[in-house]
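Contents: one structure, followed by commentary.
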Amino acid sequence: MQKDFVKLELSKEAMKTFGYQIVDAIVEHHHTQKEKPPVALKSREEMDSIFLEEAPEGPMDEKEVLDFVLDKVMTNSTLISHPKMYSFVPGPSNFISVMADALATGYNVFSGGWVTSPSASELEIITIQWLLKMFGFPQKMGGGIFTSGGSMANLTALTTARRIKCGQDFSKAVIYLSDQAHSSNIKAIRVLGFKKEQIRIIPTDIEFKFAINKLKSCISRDRLEGLHPFCVIATSGTTNTGTVDPLSKLAKVCKEEDIWFHIDGAYGGAAILSPKGKKLLKGINKADSLTIDPHKWMFQPYEMGCLLVRNHKHLSHTFTEKPEYLRDIEGNTSEINFYDHGIQLTRRFRALKFYMSIKTFGLQAFRDAISYGIDLAEKVESHLRKSKSWEVVFPATLAIINFRFNSIRIELSEEELDEINQYISAKVVASREALLVTTILQGQVVLRMCLINPRTTFEDVKDTLAQCRKFANQFLEKKKVLS
Ligand SMILES: *Cc1c(COP(=O)(O)O)cnc(C)c1O
């Protein structure tokens, strides 16, 4: 008997065979993904033509299902861990954590409360302690929680900020963020039910940094109008340019004004582990709450975000509810029930992958992998600066570089420059050889590379730049023909 359908079980042998096939597929993918095109470009119609069906009443052989999935599903996703995936924020991941996730899911560990899983809770406490130390947060008083990602960490932070600073009534509360802040913050603010009139988006300066003076005058104006400034959101490593807001100055303003200081370090926070990053992130330890996102630059597979707080009691004050069915499992206060520190009750065991990967590779390996990305972006910048075809629009910062095609030999208008860079990106993506999309900086269309994958080589980048050059020439040829 291979399967017991009522119990939803396989025989022990069938389980092993099935499991090993999946492990083999993952390992094979890891070792061959560099040769695969990273970009999946498929329409809804194409996907429907493969997958659309009613939920099947009858069974199918598990191997057949797996083969179909490997052939049709896994091949139709963009490879976020691919060395030539330069856009958004890549997800380099690591195999130890992938297997840790399998283990956590295989045992189906419930990481909500101490009683159900003392070791999972303890590992979350311990790894959060590691992170608090890395970021210079107070270790005794500080705390935190792992979340599904940076968006949920920001939502958890802003919920806490509001609870602590406003109590029940937030009708006059005002929140401040810069025009470079990540969209997840605005989403969180909306989820929390703030009105548009309660949000101040402060324009950034020419370096895309939070403009302190504009913030200060905005706060004063709001106070004069009887409003209650309660939270400032800074970004330490904007997604666009890697820019770090003036954290120490912002912390000072917040302290003077009794405002909650939240830092969104989902992109750049991890750089604290490298010497260059540590310098850039000076002041990050002054936050009341800090979002980091281990599934980005700490090389964890999805989903893993994290919120750190200066005072762990702020989380428990915000999220503790006492329903009668959880009455018996309260326990000792040092034995944290993470359902009291965030939004989720049932939670997967996220700490395990972080724990196992750091134990296995050691923190120094993480430091080196992060430094590698910062150095690679700087190397790409000097390479671009040596060329007559490229303009560095914003210097390499925390492994992000923004540039555009702009030849000193050919006079092109701003419109033509936008057009040609858009064209280059579209062609590269259509070739499926690399994922390189544009962003807008000060009204200009620019190419953006985020180089946090330690398996991306300088050769990979040069390859892609050569491809870009080819498409630029193609565009110029076509223009000549037309004009
Ligand atoms: C990626 C990112 C987020 C959102 O994190 P998710 O893990 O995608 O939910 C928030 N802020 C910044 C600065 C980011 O780069």
Problem - In the range 136-149, the residues that are surrounded by fewer than 20 Cβ atoms within 10 Å (Cβ to Cβ) and touching a helix residue (DSSP H, G or I) at 6+ places or on another chain (Cβ under 6 Å) - result: 136, 139
Completion exercise
So, first residue under 12 Å from residue 475 (Cβ atoms) in the range 406-429, second residue charged (D, E, K, R), Cβ within less than 8 Å, six or more apart or across chains; the pairs are 407/388; 416/479; 417/404; 421/404
Handout entry: the range 192-226, residues that are among the hydrophobic types (A, V, I, L, M, F, W, C) and open to solvent by less than 50 Å² (accessible area, probe 1.4 Å)
Key = 192, 194, 199, 202, 208, 210, 211, 212, 215, 218, 219
Practice task
Take the range 62-107 and flag every residue that is over 15 Å from the mean Cα position of the chain (by Cα) and hydroxyl-bearing (Ser, Thr, Tyr).
Solution key: 75, 77, 78, 97, 105, 107
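For (1) more than 20 Å from the chain's Cα centre (by Cα); (2) farther than 24 Å from residue 452 by Cβ; (3) modelled with pLDDT of 95 or more; (4) buried (at least 23 other Cβ atoms within 10 Å of the Cβ), each residue gets a yes or a no:
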position	(1), (2), (3), (4)
326	yes, yes, no, no
364	yes, no, yes, no
378	yes, no, yes, no
398	no, no, yes, yes
Practice task
Among the residues of the range 282-341, write down those that are under 22 Å from residue 166 (Cα atoms), in a loop (DSSP other than H, G, I, E, B) and among the polar types (S, T, N, Q).
Solution key: 311, 320
Problem - Condition broken by residue 415, with the remaining ones in (1) under 30 Å from the mean Cα position of the chain (by Cα); (2) part of a helix (DSSP H, G or I); (3) of a type outside the set (S, T, N, Q) satisfied - result: (1)
Practice task
Evaluate the range 266-282: report whether one residue or more is under 22 Å from residue 219 (Cβ atoms), among the aliphatic types (A, V, I, L, M) and either away from the ligand (no atom under 16 Å from the Cβ) or buried (at least 23 other Cβ atoms within 10 Å of the Cβ) (or both).
Solution key: no
Practice task
Could you look through the range 150-175, keep only residues that are open to solvent by less than 10 Å² (accessible area, probe 1.4 Å) and in contact (Cβ under 8 Å) with a residue 60 or more places away in the chain, and pick out the one that is nearest to residue 342 (Cα to Cα)?
Solution key: 156
Fill in the blank from the handout: Note on the range 288-321: residues within 16 Å of the ligand (Cβ to nearest atom), within 25 Å of residue 333 (Cα to Cα) and not hydroxyl-bearing (Ser, Thr, Tyr) are 290, 305, 306, 307, 308
Problem - residue 407 touching a Cys at 6+ places or on another chain (Cβ under 9 Å), surrounded by 15 or more Cβ atoms within 10 Å (Cβ to Cβ) and small (Gly, Ala, Ser) - result: no
Fill in the blank from the handout: Taking the range 176-217 and keeping only residues that are in contact (Cβ under 8 Å) with a residue 24 or more places away in the chain, within 16 Å of the ligand (Cβ to nearest atom) and charged (D, E, K, R), one is left with 179, 187, 209
Fill in the blank from the handout: Picking from 46, 28, the residue that is without any contact (Cβ under 8 Å) to a residue 60 or more places away in the chain and within 27 Å of residue 301 (Cα to Cα) would be 28
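The values are calculated or read from the model by the stated rules, or taken from the named source; none is laboratory data. Here the structure is a predicted model, which means the values were calculated and not measured. Cβ atoms come from the backbone with ideal geometry, glycine included; neighbour counts cover every protein chain shown. Just so you know, the surface numbers come from the protein's heavy atoms only, side chains and all, with ligands and any DNA or RNA stripped out. Shrake-Rupley method; radii C 1.70, N 1.55, O 1.52, S 1.80 Å.
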